[in-house]
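Okay, so here's the structure we're looking at.
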Amino acid sequence: MKINMVRRHLILTAAALFLGLSLSSNGVAQIMQEQPANVSDIELKAFAKAYIEIDKIRSAYEPALMGAQNPEQAVNLKKEATTKMEAALEHQGLTGERFVMIFQSVNADPELRGKTLKIIEDELQTQ
């Protein structure tokens with residue numbers, strides 16, 4: 001996957017995560033208004049791994065969500081995907097809120113963004 005594709009997916013995944021997490025609108029707005037967080041290399045690697053897993057989950061569920069026969073089916077699929085996304089975050093030692101904070105920091109800092117995209121690209125090549 002090329003770096004531009006990764007960058008685009010990073011943005012799309014964060015949007016999906018915002019919709020999928022059980023954060024209130026006010027909670028997401030508050031996190032997004034906070035100053036970018038300090039992010040350790042360990043957290044950055046965890047973020048990258050969680051991002052990849054979340055993107056896989058999104059890719060797996062997106063066709064089913066688009067083809068849902070009724071709103072109830074869509075809600076159930078979204079809940080199932082959200083549960084898996086939250087588990088992916090937990091597996092990497094992150095909360096949804098921390099993932100969003102790291103995402104904000106990555107978007108705000110070009111150097112950190114480049115470093116993150118490199119980690120994601122490296123992770124993708126090892127899979």
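The values are calculated or read from the model by the stated rules, or taken from the named source; none is laboratory data. Values in this document were obtained by computation on a predicted structure and should not be read as measured data. Every residue, glycine as well, gets a Cβ built from its backbone with ideal geometry; the counts of neighbours run over all protein chains shown.
Among the residues of segment 64-73, those that are part of a helix (DSSP H, G or I) and modelled with pLDDT of 90 or more comprise A64, P71, E72, Q73. Within segment 86-113, if we keep just the residues that are at pLDDT below 90 and small (G, A, S), the residue that is surrounded by the fewest Cβ atoms within 10 Å (Cβ to Cβ) turns out to be A108.
Residues in segment 47-87 that are free of Cβ contacts under 8 Å to residues at least 60 places away in the same chain and within 11 Å of the chain's Cα centre (by Cα): A50, E53, I54, D55, K56, I57, R58.
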